[in-house]
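The values are calculated or read from the model by the stated rules, or taken from the named source; none is laboratory data. Keep in mind that this is a model prediction, so the values were computed, not measured. Positions of Cβ are generated from backbone atoms using ideal geometry, with glycine treated the same way; all protein chains shown enter the neighbour counts.
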Amino acid sequence: MNKAVTNKCLQYHNDQWFSFFVDIPGKYYINISAQQCRDDQGIQFLLIEGNPCITSSYNVLACIPRIKLFDVYIEMDSLKSGTQYLVNIDGFLGDFCDFKLQLSKEPRGLANKSPVLDVLHFEAEAVENVNFLKWTVPVDVLDTLNTFEIYRNKDMSDKPEHIVTMKRIANARGQAQIEYAIQDTVKDGTNYTYEIVGRFHTSRLLLLGRKSIASKGSPREKNETINIELDFREGTEVQLLLLDAFSGKVLRQVSFPFNHSTKPRILAKK
């Protein structure tokens, strides 16, 4: 593999390779589920068309630097029959991960680039150590909805924690309820981001809403300093990266040879 082709997208560590063919051309999906990562960083993904023994034949179809720990699918459009496709998977930033892969004509989970649809009227309020969430759903969304799955991320954690799954509720006349609410007991002084995922009749998942909330007593300084203790051999090449918590995009990075007098800085605008 000529890593210069993908080094702007991926940082390789202990990557694994898979290959597949399809008999019938068309649209397919790779479904990724049951991710368990030591550092909760998730995996990175590379899709190549080409003969594995002839690197000059490689055509990079997808390069995804980070897939978070939801169950997700990656859409692959216009695959050719009789053509070999290569899949490379690695833990993001050197993480060690277990996962399941499925090649399918049907998607499962959230789309990898799933946008927040913002179709809900979503409110969140913190009262002491309890976060109160309530949301209103448009009737046309409820028509094909089975359940809501509510997740939370603590501070800047990248591992979504499943709180509860709620079924769509109907009244005695069979009309769907449009207002829903839960309360979540949390630790004081912590920031949380909540995400509401809708599971529909087709088993498709859509990210319906996202809301961040600071529980009471949370420090809210404009500028924060993070002190990181580094311990490497003198002269070791070190790379520091500042990442967007949701997209995984690298916002800033700095590389330097380590010595004990080094005080590297990564600057980023809020």
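Couple of notes before you dig in:
- Of all residues in the range 177-188, those that are basic (Lys, Arg) have Cβ atoms under 8 Å from Cβ atoms of residues that are surrounded by 11 or more Cβ atoms within 10 Å (Cβ to Cβ) and not in a strand (DSSP E or B), 6 or more apart or on another chain, in 187/129; 187/215.
- Exactly one residue out of 29, 12 is surrounded by 13 or more Cβ atoms within 10 Å (Cβ to Cβ), under 20 Å from the mean Cα position of the chain (by Cα), hydroxyl-bearing (Ser, Thr, Tyr) and under 21 Å from residue 239 (Cβ atoms): that is 12.
- Only listed residue being outside any helix (DSSP H, G or I) and surrounded by fewer than 12 Cβ atoms within 10 Å (Cβ to Cβ), chosen from 113, 134: 113
- Qualifying residue in the range 62-71 (condition: surrounded by 15 or more Cβ atoms within 10 Å (Cβ to Cβ), charged (D, E, K, R) and at positive phi): no
- Residue in the range 43-52 that is closer than 21 Å to residue 14 by Cβ, touching a helix residue (DSSP H, G or I) at 6+ places or on another chain (Cβ under 8 Å), outside the structural domain of residue 176 (by TED's automatic domain parsing) and free of Cβ contacts under 8 Å to residues at least 60 places away in the same chain present: yes
- Test: residue in the range 123-132 that is under 23 Å from the mean Cα position of the chain (by Cα) and free of Cβ contacts under 8 Å to residues at least 24 places away in the same chain: no
- Among the conditions (1) within 23 Å of residue 241 (Cβ to Cβ); (2) in a strand (DSSP E or B); (3) in contact with a Ser or Thr (Cβ under 9 Å, 6 or more places away or on another chain), the only one that residue 62 does not satisfy is (3).
- Among the numbered conditions (1) buried (at least 16 other Cβ atoms within 10 Å of the Cβ); (2) at positive phi, the only one that residue 155 does not meet is (1).
- Selected residue (only one of 122, 148, 70, 92 is touching a Pro at 6+ places or on another chain (Cβ under 8 Å) and either under 30 Å from residue 168 (Cβ atoms) or among the β-branched types (Val, Ile, Thr) (or both)): 70
- Number of the exception - residue 7 against (1) assigned to a loop (DSSP other than H, G, I, E, B); (2) over 19 Å from the mean Cα position of the chain (by Cα); (3) under 12 Å from residue 90 (Cβ atoms): (3)
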